[in-house]
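Data first, discussion second: the structure below is written as structure tokens.
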Amino acid sequence: MHLAGAGVGDRPWTKAYKQKIRDSRLVGTRTLAEAIAAASPRPRVLVCGSAIGYYGDTGDREVDEDSPAGEGFLADVVRDWEAAAAPAREAGVRVVHPRTGVVLAREGGVLGRTLPLFRFGVGGDLGDGRQWTSWISLPDEVAALRFLVDTEIAGPVNLTAPNPVTNDAYTKAVGRALHRPARLSVPKFALRAALGGFADEGPLVSQRVLPRRLLDAGFRFAHEDVDSAIAAVL
């Protein structure tokens, strides 16, 4: 299982950091795929990380694994990231690309980093709050990865819960879980000033992604709604 890559939201997107985001995924993946192709015996499967950034901004439109790649820096990175695993695929190894959404966890990620704000009653929408968030609980993320190892699925698989929500609905769910108000909002211009290019491909992007292949393969989510997911991880 190969899930390495520099964090996309850890720091502003300078030219140098964008190159690091790209290289940390493509170079490592191709090196590993070439080593697997040359190995004897070869591993049976390579689960090689990917992301729903592949779809770009989908607005209100639902997308699944059959949908085409979107536009933007992250869409380009993810498309090339998956292609970098070609040596293993061409050598007959089953290659799976889990396109992960926003993972809800107590520590780290979007939820973990913003919990202190919500606990102080200053959490709120990002931008107008109408953009879709495709999330998955940490327990379901781990379970889905194990499922991909044990089944015969190959190719891209969306690791997102079946019920994406708007940013406004997500914000209200966190507020309910913590019994804190979540009425504030961060305007788009402030996010763009603080985050640069990442703002429009991260917190402001709308991605309504469905896990068709997981559902069709019989995977059962422990947390299908955002309220139960947040309650579980907290």
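How much of the accessible area of segment 92-182, in percent, comes from carbon and sulfur atoms when a 1.4 Å probe is used?
Details: 2240 of 3730 Å².
Whole-percent figure for carbon plus sulfur exposure: 60.
Search the structure for amide H atoms under 5 Å from the amide H of V95, placed 1.01 Å from N in the peptide plane, and list their residues when 5 or more places away or on another chain.
L46, G155
Can you give me the relative contact order of segment 73-137 as a percent, contacts being Cα pairs under 8 Å and 6 or more apart?
Rounded, it is 28 percent for segment 73-137.
Which whole-number percentage describes the relative contact order of the chain, with Cα contacts under 8 Å and a sequence gap of 6 or more?
Computed value for the chain: 26 percent relative contact order.
With everything on Cα atoms, drop me the angle between helix 109-119 and the longest principal axis of the chain, reported from 0 to 90° to the nearest 10.
Between helix and principal axis, roughly 10 degrees.
Using Cα springs under 10 Å in a Gaussian network model of the chain, which residue among L145, L104, L159 shows the largest mean-square fluctuation?
Evaluated over the chain, the most mobile residue of the options is L145.
What is the angle, in °, between the Cα long axis of helix 73-83 and the longest principal axis of the Cα atoms in the chain? Nearest 10 is fine, range 0 to 90.
Approximately 30 degrees, to the nearest ten.
In nm, give the distance between the simple-model label positions of H179 and A16, each being 7 Å from the Cα along the Cα-to-Cβ direction.
Placing both labels 7 Å along Cα→Cβ, they lie 4.8 nm apart.
Measuring from centroid to centroid over Cα atoms, what is the spacing of segment 98-156 and segment 209-234 in Å?
10 Å
By how many degrees, between 0 and 90 and to the nearest 10, does the Cα long axis of helix 138-150 differ from the longest principal axis of the chain?
Approximately 10 degrees, to the nearest 10.
If a/c stays under 1.5 just call it rounded; otherwise compare a/b with b/c (prolate if a/b is bigger, oblate if not). Do that for segment 168-228, with a ≥ b ≥ c from the square roots of the Cα gyration tensor eigenvalues.
Taking the square roots of the gyration eigenvalues as a ≥ b ≥ c, segment 168-228 is oblate.
Please compute the contact order of segment 1-118 in relative form: average sequence separation of alpha-carbon pairs under 8 Å and at least six residues apart, divided by the residue count, as a percent.
Result for segment 1-118 is 29 percent.
Running a GNM on the chain with Cα contacts under 10 Å, which residue among D150, D140, D57 ends up with the highest mean-square fluctuation?
D150
The values are calculated or read from the model by the stated rules, or taken from the named source; none is laboratory data. Just so we're clear, the structure is a prediction, and the values are computed from it rather than from any experiment. A quick note on method: Cβ atoms are made from the backbone with ideal geometry, for glycine too, and the neighbour counts reach across all protein chains shown. Side chains included, ligands, DNA and RNA excluded: accessible areas come from the protein's heavy atoms. Shrake-Rupley method; radii C 1.70, N 1.55, O 1.52, S 1.80 Å.
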